[in-house]
Amino acid sequence: MRVTFGQFDPVLGNKSNNVNQMIRIMEQASKEAADIVIFPELSLTGYFIQDVNTNLAEPIDGESIQIIQEKSRSLNVHTILPWPELADDGSVYNSACLISDTGVIIGTYRKVHLYGTEREVFAAGNEFNVFDTKLGRIGLMICFDLDFPESTRILNLKGADIVLSPTNNMGPYQHYHEVYLQSRAMENELPIASCNRIGRERELIFFGESAAYDAYGNRLIKLDNKAAIQTVEIPINEKRDPNLKYNENRSPKNYSELLNLNK
């Protein structure tokens, strides 16, 4: 699967600017024969939308989403679009939708693990989603989800061929980011890629370093802390190590204690 990372600095509250930046990245991805483009978390609006206007949130059929749908269709490229989603009941979610190369929305993931002040704005999602596409089965998660091994494990057990994660990770967590990406790939024998933003909002400095690892934990690409458009070939459905058999060797009957300890 050819994946393009659109690592950039979204302008807080300026959707038109951010959409134009994403379109430019998509155009470059199309020139590089990418299968799919992934952007950072909340690329449409920037991170601290409560500092501007929570009305920046859009429903799944919002104007900005429709623009990206049309560009996906015209450029013949799948797209992962992260944005603040306005739900039918008025709740706002930190979401990412998967758009096909024909401009159809295949599905939406709502971030489960909310970080820090995100709870001031967002409701938490309650399901980890794997979506069937002609590229393979794509599992989505967002940023802080990576820190919890259960997130990737569920996507693995649901049959994901690859996990893609829009991210807004900030210092001093560069080492966490790198270690967790490699660990999640290795412990699930599943390729994983994260597109992280750059720039600054409030006191947070977002460090970039978008990266991808194959199913054996080998790093395929790692960007620096500058704006970049990079495409990488990520192998999927690689043969798993017959000596490890992590899925087969799991012992779910002994894991219920994890839930009981939370009570």
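Within segment 155-186, count every residue that is open to solvent by less than 50 Å² (accessible area, probe 1.4 Å) and acidic (Asp, Glu).
1
Of all strands (runs of 3 or more DSSP E) completely enclosed by segment 88-143, which ones contain at least 1 residues that are touching a residue at least 40 places away in the same chain (Cβ under 8 Å) and β-branched (Val, Ile, Thr)?
The qualifying strands (runs of 3 or more DSSP E) are 105-110, 130-133, 136-140.
Does Leu81 satisfy being assigned to a loop (DSSP other than H, G, I, E, B), within 25 Å of His177 (Cα to Cα), open to solvent by less than 10 Å² (accessible area, probe 1.4 Å) and hydrophobic (A, V, I, L, M, F, W, C)?
no
For Asn196, are the conditions met, namely being buried (at least 19 other Cβ atoms within 10 Å of the Cβ) and not hydrophobic (A, V, I, L, M, F, W, C)?
yes
Residues being open to solvent by less than 10 Å² (accessible area, probe 1.4 Å) and within 12 Å of Ile99 (Cα to Cα): count how many of those fall in segment 29-78.
Final tally of qualifying residues: 8.
Only residues that are part of a loop (DSSP other than H, G, I, E, B), touching a residue at least 24 places away in the same chain (Cβ under 8 Å) and either more than 18 Å from Met186 (Cα to Cα) or open to solvent by less than 50 Å² (accessible area, probe 1.4 Å) (or both): list them for segment 207-234, please.
Gly208, Glu209, Ser210, Asp214, Ala215, Gly217, Leu223, Asn225, Lys226, Ala227, Ile234, listed by residue number.
Considering each of Val104, Val163, Val121 in turn, give the residue that is modelled with pLDDT of 95 or more, touching a strand residue (DSSP E or B) at 6+ places or on another chain (Cβ under 7 Å) and over 26 Å from Phe48 (Cβ atoms).
Val163
Does segment 25-47 contain at least one residue that is among the β-branched types (Val, Ile, Thr), modelled with pLDDT under 95 and part of a loop (DSSP other than H, G, I, E, B)?
no
How about segment 102-111: which of its residues are touching a helix residue (DSSP H, G or I) at 6+ places or on another chain (Cβ under 6 Å) and open to solvent by less than 60 Å² (accessible area, probe 1.4 Å)?
The answer is Gly103, and nothing else.
Considering only residues that are touching a strand residue (DSSP E or B) at 6+ places or on another chain (Cβ under 9 Å) and small (Gly, Ala, Ser), which ones fall in segment 1-29?
Scanning segment 1-29 gives Gly6, Ala29.
So which of Thr152, Thr117 ends up being farther than 17 Å from Ile36 by Cα, open to solvent by 40 Å² or more (accessible area, probe 1.4 Å) and of a type in the set (Ser, Thr, Tyr)?
Of the residues listed, the single one that is farther than 17 Å from Ile36 by Cα, open to solvent by 40 Å² or more (accessible area, probe 1.4 Å) and of a type in the set (Ser, Thr, Tyr) is Thr117.
The values are calculated or read from the model by the stated rules, or taken from the named source; none is laboratory data. The structure displayed is predicted, hence computed values, not measured ones. Please note: Cβ atoms are built from the backbone with ideal geometry, for glycine as well, and neighbour counts cover all protein chains shown. The area values use the complete protein model at the heavy-atom level, side chains included, leaving out ligands, DNA and RNA. Shrake-Rupley method; radii C 1.70, N 1.55, O 1.52, S 1.80 Å.
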